[in-house]
Amino acid sequence: MTEAEPYLTRLTTRLLEGIERLPAEQRERNIAYLLEAQNPDGGFSGREGGSDLYYTGFALRSLAVLQALNETVCSKAANFLRTKLTGSAGVVDFFSLVVSCYLVPIGGGPDILAEAPPDWRDRVAAVLETFRTSDGGYGKTPGALYGSTYTSFLVTLCLQLLDRPNPHPEKLATFVKSRRRADGGYVEISAMKRSGTNPTAAGVGLLQILGELDDTAKTGTANFLTALPSPFEGGLRANDRIPAADLLSTFTGGWTLDQLGCANKLDWDAVQCYAEECERPIGGFRGGLWDEGTDVEYTFYGLGTLALAALMLE
């Protein structure tokens, strides 16, 4: 039995609740940072190069949880997104396109998908199925020999947004469970022996969507993630062999523990301090204390981490 509420709806609602609790000045400077990052063509860039679907998705998601999407931003973004409705793309870009098209009308922009051919959703779902691998997951490219835990998660999120079923959910569940390791976490590729924070978040998210996350898996995952905070920084590490924390792992690990009902096992004061140290005084977040630049992707993770911390510390 699959979950009733879409995964991204649950995530967005939770972050909205937390971000409302952040200081107004902090919200405002990050809104300003994000608005300034929009390019003339309506898209958003990474740290270099032109507009990119991936970063456009993160910018729009950040503005959404800050309740700062507006008609001007969304209309400009729609112009960029329309140019991406045709042509080939990988799973990451498909996901970024679909989530962006979902957010634009919410912010007062046009319904881009209503302008697309009537069978566009079915065509995208069919293209996504070409990434299916023989092990039941989805690979990073069509014809890949083995599935990717993260790619499989993104395909599943895409299908939820498109309101299309997964053709073989039982095979996907078997695939995800095969990626669980004795340490309680999950790995990205089959050859890996030791788990990572982000594949674990993707694996747990997939099993939640599929209604296949049992109590034993929940306990093991919680124990794995709660061992990953950096003792010197307060954030979570990508795995237990990396000394430094990063915002991506801190957010995905914290969010996963929150969904498992085990968030109270983290030191949220330390997590909050870590995320605040990653923020620039004028808005925007670095990837970690080791990072010298900011971008809209890490800004989403930083805001998300602070939102979760605000909820846990009130």
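Values in this text are rule-based calculations from the coordinates and carry no lab data. These figures come from a predicted structure and were not determined experimentally. Positions of Cβ are generated from backbone atoms using ideal geometry, with glycine treated the same way; all protein chains shown enter the neighbour counts.
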What number comes out for the charge environment of GLU17, summing +1 per Lys or Arg and -1 per Asp or Glu over other residues with Cβ under 15 Å away?
0
Which entry is the computed Cα Rg over 2.2 N^0.38 Å for this structure: (1) 1.00; (2) 0.96; (3) 1.28?
(2)
The chain - percent relative contact order, Cα under 8 Å, separation 6 or more
19 percent
How big is the gap, in Å, between the Cα center of the range 228-268 and the Cα center of the range 74-122?
33 Å
Surrounding net charge for ALA244, when Lys and Arg each add one and Asp and Glu each subtract one, Cβ distance under 9 Å
-1
Out of GLY253, GLY304, GLY107, a Gaussian network model of the chain with alpha-carbon springs under 10 Å gives the largest mean-square fluctuation to GLY107
Non-local Lys pairs in the chain, i.e. 8 or more apart or on different chains, that have alpha carbons under 19 Å apart:
6
